[in-house]
Amino acid sequence: MVASSLSTPRLHLKPGTAWSDAYTRCTQVAPEAFADDRLRNLWGGQWRRTGEPLRSVTPLDGSPITGPPMIEPEEAREAIRATLDDHKRWRDVPLADRKTRVSAALDAMDSHRDLLALLLVWEIGKPWRLARTDVDRAIDGVRWYVEEIDAMLAGRTPLPGPVSNIASWNYPMSVLMHAMLVQVLAGNAAIAKTPTDGGAACLTLACALARREGLPVALVSGSGSRLSGALVRAPEIGALAFVGGRSTGGQVAAALVDTGKRHFLEQEGLNAWGIWEFSQWDLLAAHLRKGFEYGKQRCTAYPRYVVQRQLFDQFLAAYLPVVSSVRFGHPLAVAHDDDPLPELDFGPVITAEKSAELAGKIDEAIAKGGVPLYRGAIADGAFIPGQDTAAYVPPVTVLAPPPSCALHHAEPFGPVDTIVVVDSEAELLAAMNASNGALVASLACDDEALARRLSSEIHAFKVGINKPRSRGDRAEPFGGRGASWKGAFVGGDHLVHAVTVGADPTERLYGNFPSYSLYPDA
């Protein structure tokens with residue numbers, strides 16, 4: 001029998017996009033930072049063949065990739081001392097020179113935009129479009145600061161020591177590298193710990209390009225618990241920037257209590273979207289679809305929907321077609337060599353262990369009484385035949401997760417939604433405030449006056465009305481309420497002020513501090 005010419009072609013890796021292709025290009029672009037067999041750590045202006053490389057695998061298909069070189073605490077202390085020396089030299093560099101050098105580094109990153117993005121695809125599983133967006137947001141965002149920094153620095157000086165950065169793996173460029181470059185632009189040296197779960201190669205390339213332009217950046221890898229003494233409590237540090245979960249963030253905050261160091265700690269919160277007296281379902285459906293980008297592995301994702309009982313049937317009519325149509329799979333799989341890379345909502349979660357953890361939380365919620373409203377299947381995804389799919393999680397929706405399960409009160413950080421049905425405004429607000437503070441929230445409501453009254457009681461830094469809120473770019477402030485944020489807020493003037501010192505010794509920054517909280521208009 002002759003096979004049909006209309007049969008579906010088997011997916012395969014697009015030529016030129018293999019991990020080996022990306023890594024070879026890195027060794028050609030920045031041989032000082034990339035050895036054939038390992039990454040190097042950077043401090044004191046030198047790339048160092050030190051640290052034990054971590055055995056890492058990509059979430060795309062479980063195959064080996066080059067992992068971060070894990071250093072010991074004494075080396076971290078050496079790196080901090082060297083970064084302080086960098087800081088002392090850099091803080092006297094004129095602003096015009098700093099702007100020129102930062103701009104040159106941005107130009108270099110822009111010229112290697114697609115390589116940086118491809119590294120993000122392999123290391124953290126971002127689909128191609130979202131990986132390129134992460135790189136673009138870092139470059140474009142810092143260019144804005146270059147244009148605006150003069151006014152932001154009026155009457156201000158750099159910190160007494162460098163800024164130490166510890167960030168999660170999900171946005172290596174648009175959050176971590178962006179922050180480091182603004183810190184440098186403001187007159188500080190910056191040191192970062194590579195996220196252990198992903199982003200080492202991307203950050204190594206970005207830092208190599210920055211260091212070539214004379215920027216005082218350092219990059220080290222290692223266990224957070226082993227290096228925290230140096231990267232959090234070292235007396236040389238002028239400020240600590242942290243992005244991560246509440247458990248680790250709480251430990252970091254505790255370590256800072258008696259140091260008096262400048263800090264900004266972004267922690268997770270259960271961001272909720274409330275639906276009350278609402279009828280604009282087409283509008284909501286568009287927002288719901290976009291909300292699945294990157295499998296909701298971001299700090300401003302909305303994994304909780306709080307729905308008025310009388311609207312529940314209409315909500316489902318809008319929600320279920322969206323959740324059942326999201327596209328996921330291998331971000332580099334194509335049917336034909338010349339096909340463009342696929343347009344996916346998300347690829348894998350960060351690790352196979354995270355996938356298993358989410359499966360356990362879903363099973364727990366259902367076993368304790370939650371209703372499995374929707375469960376996708378791995379077969380719905382677009383994969384290369386025979387590939388490892390252990391890190392992929394199809395979308396799941398659980399109705400009424402019981403209070404005793406983890407999904408009731410914590411952010412899942414994956415493509416898992418929970419829905420809570422309520423009958424009164426008081427229940428709506430209580431359900432939306434379940435996590436003792438959040439970064440963002442939204443309220444879908446036809447009556448704008450009612451929405452604004454309700455939003456004033458939602459415990460989130462930013463509250464959208466009939467639209468989502470995000471971290472924001474450029475001048476837009478960002479922070480959190482309650483346990484979701486500690487220390488100074490960031491974004492625009494707030495970020496620059498957080499890493500500089502004003503002339504007034506009694507200056508009170510916007511943020512959440514032990515003795516006060518001060519909020520800007522968000």
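The values are calculated or read from the model by the stated rules, or taken from the named source; none is laboratory data. The structure presented is a predicted model; accordingly, all values stated were derived computationally and were not measured. With ideal geometry, Cβ positions are generated from the backbone for all residues, glycine too; neighbour counts draw on all protein chains shown. All accessible areas refer to the heavy atoms of the entire protein, side chains included, with ligands and DNA or RNA removed. Shrake-Rupley method; radii C 1.70, N 1.55, O 1.52, S 1.80 Å.
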Convert 20 °C to kelvin, take the viscosity as 1.002 mPa s, use the Kirkwood radius over C-alpha pairs of the stretch 293-345 as Rh, and evaluate the Stokes-Einstein diffusion coefficient in µm²/s, rounded to a whole number.
154 µm²/s
Give, in nm to one decimal, the length gained when the segment between residue 29 and residue 259 is fully stretched (0.36 nm per residue of separation minus the Cα-Cα distance).
78.7 nm
Going 7 Å from the Cα of residue 88 toward and past its Cβ, which residues in the stretch 205-237 have a backbone nitrogen under 13 Å from where you end up?
236
Which of rounded, prolate or oblate describes the stretch 199-266 when judged by the alpha-carbon gyration tensor and an a/c cut-off of 1.5?
prolate
Beyond 32 Å (Cα-Cα) in this structure, taken from 14/296; 290/368; 88/354, we find 88/354
When we measure straight from the Cα of residue 99, which aspartates and glutamates land under 13 angstrom away, once same-chain ones fewer than 8 places off are left out?
107, 147, 148, 150, 213
Set the Förster radius R0 to 41 Å, insert the Cβ-Cβ distance between residue 97 and residue 343 as r into 1/(1 + (r/R0)^6), and round the FRET efficiency to 0.05.
0.45
Would you mind telling me the share, in percent, of accessible area of the chain contributed by carbon and sulfur at probe 1.4 angstrom?
51 percent
In units of 2.2 N^0.38 Å, what is the alpha-carbon radius of gyration of the stretch 72-140?
1.49
I want the local charge near residue 268. Using Cβ-Cβ distances under 10 Å, sum +1 for each Lys or Arg and -1 for each Asp or Glu among the other residues.
-1
Aspartates and glutamates whose Cα lies under 14 Å from that of residue 486, excluding same-chain neighbours fewer than 8 positions away:
266, 268
Quick check: convex hull of the Cα atoms in the stretch 217-342, volume per residue, rounded to a whole Å³?
198 Å³
Quick calc, the stretch 64-123, dipole around Cα centre from Cβ unit charges on Lys, Arg (+) and Asp, Glu (-), nearest 20 debye, gives 360 debye
Is there a quick way to get the dipole size of the chain? I mean about its Cα centre, with the Cβ of Lys and Arg at +1 and of Asp and Glu at -1; what is the value in debye to the nearest 20?
840 debye
Expected sort for 497-503, 395-401, 338-344 on mean C-beta neighbours within 10 Å, highest first, is 395-401, 497-503, 338-344
What length, rounded to one decimal in nm, is gained on full extension from residue 309 through to residue 409, with 0.36 nm per residue of separation minus their alpha-carbon distance?
34.0 nm
Ellipsoid equivalent to the stretch 417-459 - semi-axes via the Cα gyration tensor, in Å
16, 13, 10
Ranked from highest to lowest mean number of other Cβ atoms within 10 Å per residue, what is the order of the peptides 198-209, 302-313?
198-209, 302-313
The chain: relative contact order in percent, alpha carbon pairs under 8 Å with at least 6 residues between:
17 percent
I need the fraction of alpha carbon pairs in the stretch 419-522 separated by more than 22 Å, rounded to a whole percent.
37 percent
What is the spin-label model distance, in nm, from residue 320 to residue 506 if the labels are put 7 Å beyond Cα along the C-beta direction?
6.2 nm
Length gained if residue 247 through residue 156 is fully extended, taking 0.36 nm per residue and subtracting the Cα-Cα distance, is 29.4 nm
What Kirkwood hydrodynamic radius, in Å, does the stretch 306-383 give when the mean of 1/r is taken over all pairs of distinct Cα atoms and then inverted?
15.2 Å
The base-10 log of I(q)/I(0) that the Debye equation returns for the stretch 35-166 at q = 0.11, 0.12, 0.15, 0.16 Å⁻¹, one scatterer per C-alpha, is -0.57, -0.68, -1.02, -1.12
Say a paramagnetic label sat at a point 7 Å from the Cα of residue 289, along Cα to Cβ; which residues of the stretch 330-370 have their backbone N under 14 Å from it?
343-346
Going by average Cβ neighbours within 10 Å, how do the peptides 506-518, 381-393, 25-37 rank, with the highest at the top?
381-393, 25-37, 506-518
Above 33 Å lies some portion of the pair distances; for the chain, what is it as a whole percent of all C-alpha pairs?
41 percent
As I understand it, the dipole of the chain uses +1 on the Cβ of Lys and Arg and -1 on the Cβ of Asp and Glu, about the Cα centre. Which of 513, 203, 239 lies farthest toward its positive end?
239
Among 50, 419, 378, whose Cα lies farthest out toward the positive end of the dipole of the chain, if unit charges sit on the beta carbon of Lys, Arg (+1) and Asp, Glu (-1)?
50
